Amino acid sequence: MLTDAPPRTSYLTGFRESDRITTLDLPGDARLSDIAKAIESAMKSDQTANVRRACAEFLKFASEFYHVPDCGVRVLAARPLRVREQWTTELFGDYAPKAMLIRVWMRTAVRKDVTSYGTFLSTLCHEFCHHLDYKKFGFADSWHTRGFYERAAVLYHHARGTPQKHLFWAPMSGGRWRIDWPRTNRSTP
Ligand SMILES: [Zn+2]
């Protein structure tokens, strides 16, 4: 995971704020992880309609918890070949801020590899954090800062029911950062 380079514009203030916010409030109950388990079993039995339903429920509950408008979700069988320019696109998902729509796909475009449950859930949390950036934090853009990845990881580990990790970062050129995985993994019991 690699952060975006800081913008050289008036967006720099928002970028720095995004970088600083490294945590998220979390629901005090296990509702999100219960829904995440429903996503997992629907994926195992290859029931796309149920995956979609569980994803929608996940996002609805999370949106209510964070007091943001609900966002739409499309679960696609495979990554679309053409990806729209204004979308922030990851390997397994994207988010359109104006439409408030998340898309996640269950297979990669070219090799048709099946997305693992962990990657799928992580992508869903990642895209939802883009939604939070606009609707909860009010950022003008949703950058991949260190804070962004930390927030997405906090949500993911809560939903997955796995221990939170302390992320260690290594500086790269151009003001970017990458996660130092060996160090991060060593420090997690
Ligand atoms: Zn992203």
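Compared with the direct C-alpha span, the chain from ILE21 to ALA170 gains 51.8 nm at full extension, assuming 0.36 nm per residue.
Helix 48-65 and the long axis of the chain differ in direction by around 50°, with both axes built from C-alpha atoms.
Net charge dipole, the chain: roughly 460 debye, given to the nearest 20, about the Cα centre with Cβ charges of +1 for Lys and Arg and -1 for Asp and Glu.
Diffusion coefficient (Stokes-Einstein, Kirkwood radius over C-alpha pairs, 10 °C, 1.306 mPa s) for segment 3-75: 108 µm²/s, rounded to a whole number.
By the helix-only formula, in which each DSSP H run with n ≥ 4 contributes -39500 (n - 2.57) and the sum is divided by residues, the chain has a 222 nm mean residue ellipticity of -13500 deg cm²/dmol. Rg over Rh for the chain works out to 0.95, using Cα positions for both radii and the Kirkwood form for Rh. For the pair ALA78 and ASP141, label points projected 7 Å from Cα toward Cβ lie 3.3 nm apart. Considering only beta bridges that DSSP places wholly inside the chain, some 70 percent are antiparallel. Pair-distance distribution of segment 91-189: all C-alpha pairs, bin width 5 Å, starting at 0; shares per bin in whole percent are 2, 12, 18, 21, 21, 17, 8, 1, 0. Ranked by the mean number of other Cβ atoms within 10 Å per residue, highest first, peptides 123-131, 55-63 order as 123-131, 55-63.
Bear in mind that the values in this text are calculations on the coordinates, not laboratory data. Computed from a predicted model, the values in this text were never measured in an experiment. In this analysis, Cβ positions are derived from the backbone assuming ideal geometry, glycine residues included, and neighbour counts consider all displayed protein chains.
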